[in-house]
Amino acid sequence: MGKHYTLRVIFRGLLFYLAPFLLVGWYLGAVWQALSLALLLKLVWHYYFINRLTTWLWDSRTLLPPTGRGVWTDIFDGIYRTLRRNQSRQRSLSTLIKRFRQASEAMPDAAVVLKEDGTVTWANKLAQLYLGLQWPGDSGIRITNLIRNPQFVKFFKAGDFSHAITMHSPAHHVMDIEVRLMPYADNQYLLIARDVTQLTKLERMRKDFVANVSHELKTPLTVMQGYLEMIEEPEMLPAKQLNKAIHDMNAQALRMQNMVNQLLELSRIESSAPESFSEEVNLPQLIEQSLEEVSLLRQDKDHQIELHIDSSLLVYGNAEKLRTVIMNLLTNAIKYTPAQGHLTISWLRRHKSAQFKICDNGPGIDPIHQSRLTERFYRIDADRNSATGGTGLGLSIVKHALEAHRSRLELDSEPGKGSCFSFVLPPELVKPLALSKPSMEQTDH
Ligand code: ADP
């Protein structure tokens, strides 16, 4: 703590300084000259230290003060202390800003600080990715000149930031972002944008799903309702028509039951926990059983079925899910291939992996449909009362069941020539050869 310079202290100091001069002046009979000399010397002394002070403040690079004398020691110390205090404040402030920026960069959202007039003060890296801002190039530019989406401009100009808006990202058109604005510090705004592409996709899927299910149920229900109205007055209905009504209602009820079962299966597969794959699955046996199960469906078609099965090729997986995959692919091949058609089913090693393939010489699938086949309810034949009467859920179930086995459905098809559906199980799910004896079966069913 420096000395406190009250008027009394200053006066006493001056008196101590002048006393010897006054004494000598009085002795020599030149009091005024001695006084003037003393004051002149004091003035020169002060100017000397003022000069040292300005050199230190303006020219010196060091924070350390020059050595002073008397009152100047306290002045130099006082300034030095204030400078030190400011320096440490500045340091902690810049650490704080650095931390804020690091935190903003670590955020999974885009963040932009705006002034009251909408000019950009700061933006993090995700803002460049989501909003296409350039930092620091776009500093000082109005946000509405950088994001020209009419929905955003309207939102910003309206000034009601109590709700968020969802729009396409100006940087990536396939990305949907949710933009929120909130008052921040003094007359500033913080713009937060987060990627909601997945969320909006899920929401769209949910809406499509509900619409599809209701649409699918509407047709059989309308048919049944029509017949039931007719049956209300049985005396008006000839026996032949009554039989047809019962037959059709049965078919529609079966269709609805099928669909509900498939939906339940799809949701079971989708929501099941990741597999540990400790269960050994005898896929050759599973193919054999599936062929027996579809024998009724095959009856009228008289298909020729060629099998290339490695009966030693066993895998680890979920037998129920793999059975569903085989059954769906097999039923489709039988359903869509006209009578006397030819089917080839193979289950063989491909290097260290295992491949299942089912080929038919049916109608084939146009390339425009191929990428969409595994979507729920997607059918090529949109006629819901078609002879094949599918639900469009089968391949969607196959896709999910295969995903659980780190595999995916492959399709090779040419319209008019036929289709080959296949999947490959990865090496880690194939039972090693040393543990199973290889043997090959080639049969015609
Ligand atoms: P669906 O219940 O309609 O059979 P899927 O999801 O199993 O539903 O199949 C989707 C569509 O793919 C079917 O509507 C059908 O048009 C087509 N498809 C599937 N398998 C074959 C095949 N082997 N040959 C020709 N078209 C097929």
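The values are calculated or read from the model by the stated rules, or taken from the named source; none is laboratory data. Keep in mind it's a predicted model, so treat the numbers as computed, not measured. In this analysis, Cβ positions are derived from the backbone assuming ideal geometry, glycine residues included, and neighbour counts consider all displayed protein chains. Ligands, DNA and RNA are excluded from the accessible area calculation, which covers all protein heavy atoms including side chains. Shrake-Rupley method; radii C 1.70, N 1.55, O 1.52, S 1.80 Å.
Things to note:
- Where a residue in the stretch 360-382 is of a type in the set (D, E) and its partner, wherever it lies, is modelled with pLDDT of 90 or more and open to solvent by 80 Å² or more (accessible area, probe 1.4 Å), with Cβ under 8 Å and at least six apart: D360/Y336
- Restricting I358, I368 to residues that are within 13 Å of the ligand (Cβ to nearest atom), aliphatic (A, V, I, L, M), open to solvent by 60 Å² or more (accessible area, probe 1.4 Å) and at negative phi narrows the list to I368.
- Screening the candidates A106, A110 for the property of being closer than 30 Å to K125 by Cβ, without any contact (Cβ under 8 Å) to a residue 24 or more places away in the chain and among the aliphatic types (A, V, I, L, M) yields one hit, A106.
- Qualifying residue in the stretch 162-182 (condition: more than 22 Å from the chain's Cα centre (by Cα) and over 28 Å from R376 (Cα atoms)): yes
- Tally, over the stretch 371-392, of residues that are of a type outside the set (S, T, Y), more than 6 Å from the ligand (Cβ to nearest atom) and modelled with pLDDT of 85 or more: 4
- For beta carbons closer than 6 Å, sequence separation of 6+ or different chains, a first residue in the stretch 321-339 that is more than 6 Å from the ligand (Cβ to nearest atom) and a second that is open to solvent by 20 Å² or more (accessible area, probe 1.4 Å) and among the acidic types (D, E), the qualifying pairs are T337/D360; A339/D302.
- Near pairs, Cβ below 6 angstrom, 6+ apart or cross-chain, from the stretch 184-205 (at pLDDT below 90) to any residue that is open to solvent by less than 90 Å² (accessible area, probe 1.4 Å): Y184/L190
- Pair list, Cβ < 7 Å and 6+ apart or interchain, from the stretch 28-50 residues that are part of a helix (DSSP H, G or I) to residues that are open to solvent by 70 Å² or more (accessible area, probe 1.4 Å): A34/V24
- Checking the stated criteria, S396 turns out not to satisfy the condition of being away from the ligand (no atom under 12 Å from the Cβ), among the hydroxyl-bearing types (S, T, Y) and on the phi < 0 side of the Ramachandran plot.
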